[in-house]
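Working notes for the structure below.
The values are calculated or read from the model by the stated rules, or taken from the named source; none is laboratory data. Remember, it's a predicted structure, so these values are computed and weren't measured experimentally. For neighbour counting, all protein chains shown are included, and Cβ atoms are generated from backbone atoms with ideal geometry for every residue, glycine included. Calculation scope for accessible area: heavy atoms of the full protein, side chains included, ligands and nucleic acids excluded. Shrake-Rupley method; radii C 1.70, N 1.55, O 1.52, S 1.80 Å.
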Amino acid sequence: RLGVGNIAGVGTAIAGGRPGAASWMCLMAFVGGASSFIESSLAQLFKVRDKDGFRGGPAYYMERGLKARWLGIWFAVILIICFPFAFSSLQANTIAATVVATIGDGSPGWLPWVIGAAVAVLTALVVFGGVRRIASVTQLLVPVMALAYLLLGLIVVAVNLERVPEVFAQIFTQAFGFNEVVGAAFGYIVLTGVKRGMFSNEAGLGSAPNAGASAAVTHPVKQGLVQTLGVYFDTFLVCSITAFIILVSVPDLAGAQRGIDLTQGALVSTLGAWSSVALSVIIFLLAFSSILGNYYYGESNIEFINPAPWLLTGYRTLVVVAVLVGSVVGADLVWNFADGVMGLMALTNLIAIGLLSGVAFRLLKDYTQQRREGRDPVFTRDRLPEVT
């Protein structure tokens with residue numbers, strides 16, 4: 001769940017929706033945690049076995065739970081457009097922007113092409129190596145980089161400790177304040193916070209269940225709870241630390257740059273130029289791991305539609321091209337396209353999990369009952385024979 005949404009996305013939210021957007025990102029996490037529990041538990045329940053272990057996700061529970069393969073195909077197509085293409089382009093764009101900002105105004109105009117080509121080559125080396133290589137790379141990179149970023153953020157907050165009470169006040173008052181409501185800014189603040197919160201933690205989008213389905217657990221609810229914890233960690237810790245990095249370092253947001261530039265500038269203003277280099281490394285590794293994760297989401301859904309080898313090869317090639325193109329196009333174009341596709345994808349998935357929520361609650365009841373009996377919960381098909 002960790003990627004540039006936690007850093008660049010929060011910068012975009014605060015620049016557009018001011019400090020109040022941070023409140024709505026956190027409030028969205030409570031809703032997101034619930035939807036994440038349902039979608040990830042369902043993904044475990046309706047997963048299928050393949051050569052690498054298990055695969056599943058919304059397309060699979062739409063087909064097997066709702067008996068609507070057409071809806072599963074519709075969702076799979078949207079996800080393929082949204083994550084491995086639109087969102088991976090956005091991750092690559094953030095990598096390029098961060099490196100260019102670190103070098104400064106003297107960076108040559110062709111530098112984003114070089115960065116994009118390098119990231120594209122690295123992506124090709126991993127995605128053509130299979131799912132196991134993706135897992136081995138990401139499980140090493142993400143925890144280390146997340147902890148390093150949290151440490152940077154805590155240092156910034158400690159240096160500006162006297163501004164923390166003021167920032168807390170801004171986050172709350174500008175989310176619910178009278179002036180914002182009367183000035184018709186309230187809706188925009190809410191929308192900005194919700195969009196960036198959803199991009200950050202992916203809760204309800206239907207993306208994370210594709211990864212959750214591949215986990216080997218004894219009961220579907222175990223993965224549902226783990227994914228809910230992931231939403232809380234992502235938003236309450238990582239996104240919040242980004243908000244505080246910005247708000248304690250940049251008192252006046254008038255005319256502030258959007259996205260990664262705002263977060264990077266806030267770090268440098270407090271810690272100096274070395275922090276820009278550190279952030280570049282963190283951004284690269286988080287964004288690159290997200291590109292790999294996005295690729296896997298797409299692969300799982302390509303196999304749902306048609307497992308033909310030639311189709312998978314073509315898909316891998318297009319993903320590599322999307323990474324290269326995303327590095328050099330305008331950031332606003334990438335953000336707007338990603339937001340539009342994300343909304344369509346979320347709507348489709350939320351309808352599906354709403355219809356199947358009763359199944360998820362029955363899974364939770366079964367899990368809770370086994371826990372009360374002092375057992376490590378284990379789910380077998382005969383426990384819900386009417387739905388499996």
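A few points about this structure:
- Any hit, region 353-376, residues being within 17 Å of the chain's Cα centre (by Cα), modelled with pLDDT of 85 or more and buried (at least 18 other Cβ atoms within 10 Å of the Cβ): no
- A count restricted to region 266-300 and to residues that are of a type in the set (S, T, N, Q) and either in contact with a strand residue (DSSP E or B) (Cβ under 9 Å, 6 or more places away or on another chain) or not in a helix (DSSP H, G or I) (or both) stands at 1.
Every residue, every condition in (1) of a type in the set (V, I, T); (2) in contact (Cβ under 8 Å) with a residue 40 or more places away in the chain; (3) in contact with a helix residue (DSSP H, G or I) (Cβ under 6 Å, 6 or more places away or on another chain), yes or no:
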position	(1), (2), (3)
S280	no, yes, yes
N294	no, yes, yes
G330	no, no, no
T348	yes, yes, yes
A352	no, yes, yes
G358	no, no, no
R375	no, no, no
V378	yes, yes, no
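- Some residue of region 277-299 being open to solvent by 30 Å² or more (accessible area, probe 1.4 Å), of a type in the set (A, V, I, L, M) and in contact with a Phe, Trp or Tyr (Cβ under 7 Å, 6 or more places away or on another chain): no
Rundown of residues vs (1) assigned to a helix (DSSP H, G or I); (2) closer than 16 Å to I353 by Cα; (3) open to solvent by 10 Å² or more (accessible area, probe 1.4 Å), yes/no style:
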position	(1), (2), (3)
S40	yes, yes, no
R49	no, no, yes
F54	no, no, yes
Y61	yes, yes, no
K67	no, yes, yes
F75	yes, yes, no
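- Test: residue in region 93-110 that is touching a residue at least 24 places away in the same chain (Cβ under 8 Å), under 20 Å from I305 (Cα atoms) and in a helix (DSSP H, G or I): no
- So R196, is it modelled with pLDDT under 65, charged (D, E, K, R) and surrounded by fewer than 20 Cβ atoms within 10 Å (Cβ to Cβ): no
- Region 117-144, residues that are open to solvent by less than 40 Å² (accessible area, probe 1.4 Å), at pLDDT 80 or above and either outside any helix (DSSP H, G or I) or not β-branched (V, I, T) (or both): A120, A124
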